[in-house]
Structures are given as C-alpha cells and as structure tokens.
Amino acid sequence: MIRALLPMLLISGVASAAECGPDRLQTERTIVLKREGAAYGAHQHTALSLAKGEVVLTFDDGPSPENTPLVLKALADQCAKATFFMEGRNLRRSPELARRVVGEGHSAGIHSDTHPNLSTLSSEQQLDDLTRSRAAYKAVFGSETPAYRFPFLEETPTMLAALKQANITVASIDLGINDWIPEDTTAVLAQRLNESLDKAGRGIILMHDANGPTAKALPTLLKVLKDKGYKVVHLEWEQAP
Ligand SMILES: [Zn+2]
C-alpha cells in the first residue's frame, strides 16, 4: 500500500478483502477529496497527485440496466473500485441500480441531467440542467453530489462558477479510450487503452459503463492494466456536511 501526504488531499488506506489476492488487479489505495470547488484531470485542469503507473477508473453515462451490471461484475471480479458519473435522467430511471453501484463500494458523481452540450445552451438552461441533475442525485443517494463531469468535457464559465460555488469537484480526465462506437471490438478497445496508457503513464481514465462494447470488454481492459503493472487508485469524497 502506498501512503503519501498530498496537499489539499486527505488520504486513507484501503483494506483489501481476503479473497482479493495478488492475482487480482485490486485497489491499491483511496484518495478522499475534500468537498471544495477543485478541478482535476490534465486534459483541462491540474493533474491529480498520482504516482507513475497509478490510474483512476471512471465510467460515464450510466447507470444502464443493460450494461452497468456487467461493468460491476468485471470490477468485482478484480476487486477494483471506480467512480461513476451518472446522468440525472438515468438516476431517475434506475435508482436501485445507482444505489447498487455505490453499495458495491464505488463512488458516484453527476454527469449532467440529459447530457447536452452545455456550451450551446444559455446560462439559464445550463444552470437548470445542473439543478435537475443535483436533485436527481440527492433523491437517490440522500446527499449532495460531490463531483461533476461535463458532457463531452465541454466546460463553460457559467457552470465552472456554479460548481465552484457549490463546492462540487470538477472531474476531467487524463486519458480515454474513445469508447462510443457501437462496432468497437474488445481487441480495438484494448489496443486503444494500451496506447493511451503508454502515452500518459498515469491518470484518470474515462470509459463509459453505458456503452455495450466497453461493458463487454472490461474484463480484458482490466487485464491490460494488470499485465502492464498499473495500480488502481479509488477516488472518494468527504461526507457531505
Ligand atoms: Zn458522457
């Protein structure tokens, strides 16, 4: 287990379950972020304090009744914890599945209400989407969302200001696997992950649990991480005050 004191971050160790032996990918450590208007992900912001070879697994666009259960199984099989950025409309449709995600030890944030490109909307419309998605999260989990990921990673000044004001972490990314093409095979996604890892070496990985090919490929993608010696870091947030 790696322990480090990092500025602005609270660190806690993770106890691996007995059955999560060295043959599994596992979760190496957990970073507990403060509830503050910080923004992470080198694609647009400051990189999270990760060592070389450390990655954070994140999944967007769910929960999806068809695909999220497959993602949960693949993660559980490897004792790996992830963060799921959920759409408000999907939280309303599948509240039990959303609670199951968190119940299995993963963390959750929001990813807008209806996945619009916020940069094409008026300020009022953007804030309305945020209000609805925050309400959907609160209705399902009983607390304020700690984190937000922009649809299409399209940030706007209006939203950045509102999120900062609400002490919601902006979660951008460091690398992705461009997993939105329905025809993608597992081999193609694994190859993209390989190339992205070789380029970035560490960071927050964007994947999509609502995407069928990703859900199907995840056991292979996690094996790629394991075989290349990557360590999974889980992001969590302080309890809401
Ligand atoms: Zn998305």
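Going through (1) part of a helix (DSSP H, G or I); (2) hydroxyl-bearing (Ser, Thr, Tyr); (3) in contact with a Lys or Arg (Cβ under 9 Å, 6 or more places away or on another chain) one by one, Thr145 falls short only on (1). In the range 147-163, the qualifying residues are those that are more than 14 Å from the chain's Cα centre (by Cα) and charged (D, E, K, R), and the one that is farthest from the ligand (Cβ to nearest atom) is Glu155. Might you let me know whether the range 114-130 holds any residue that is within 16 Å of the ligand (Cβ to nearest atom), within 12 Å of the chain's Cα centre (by Cα), in contact (Cβ under 8 Å) with a residue 40 or more places away in the chain and farther than 25 Å from Cys20 by Cα? No: zero hits.
Per the listing Gly21, Gly53, the residue uniquely without any contact (Cβ under 8 Å) to a residue 24 or more places away in the chain and small (Gly, Ala, Ser) is Gly21. Scanning the range 65-86 for residues that are part of a loop (DSSP other than H, G, I, E, B) and open to solvent by less than 10 Å² (accessible area, probe 1.4 Å), we see that the one that is nearest to the ligand (Cβ to nearest atom) is Ala82. Looking at (1) under 24 Å from Thr145 (Cβ atoms); (2) assigned to a helix (DSSP H, G or I), find the lone condition where Ala240 falls short. Here Ala240 clears every test but (2). Given the conditions (1) open to solvent by less than 60 Å² (accessible area, probe 1.4 Å); (2) on the phi < 0 side of the Ramachandran plot; (3) of a type outside the set (Phe, Trp, Tyr), and given that Gly203 satisfies all but one, which numbered condition is not satisfied? Here Gly203 clears every test but (2). Being at pLDDT 95 or above and closer than 27 Å to His115 by Cβ is the requirement here; does Thr30 meet it? In short, no. Summed over the range 87-101, residues that are away from the ligand (no atom under 15 Å from the Cβ), surrounded by 14 or more Cβ atoms within 10 Å (Cβ to Cβ) and part of a helix (DSSP H, G or I) total 8. If you filter the range 40-64 down to residues that are of a type in the set (A, V, I, L, M) and either buried (at least 19 other Cβ atoms within 10 Å of the Cβ) or within 16 Å of the ligand (Cβ to nearest atom) (or both), you find that the one that is modelled with the lowest pLDDT is Leu48. In the condition set (1) open to solvent by 60 Å² or more (accessible area, probe 1.4 Å); (2) outside any helix (DSSP H, G or I); (3) in contact with a helix residue (DSSP H, G or I) (Cβ under 9 Å, 6 or more places away or on another chain), Asp179 is compliant with all but (1).
Restricting attention to the range 152-172, and to residues there that are touching a residue at least 60 places away in the same chain (Cβ under 8 Å) and assigned to a loop (DSSP other than H, G, I, E, B), which single residue is most open to solvent (accessible area, probe 1.4 Å)?
Once the filter is applied, the top-ranked residue is Asn167.
Looking only at the range 211-239, residues that are open to solvent by 40 Å² or more (accessible area, probe 1.4 Å) and either farther than 21 Å from Thr68 by Cβ or touching a helix residue (DSSP H, G or I) at 6+ places or on another chain (Cβ under 7 Å) (or both) come to 10 in all.
The values are calculated or read from the model by the stated rules, or taken from the named source; none is laboratory data. Quick caveat, the model's predicted, so the values are computed rather than measured. Cβ coordinates were reconstructed from backbone atoms using ideal geometry, including for glycine residues, and neighbour counts include every protein chain displayed. Surface areas here come from the heavy atoms of the whole protein model, side chains and all, with no ligands, DNA or RNA. Shrake-Rupley method; radii C 1.70, N 1.55, O 1.52, S 1.80 Å.
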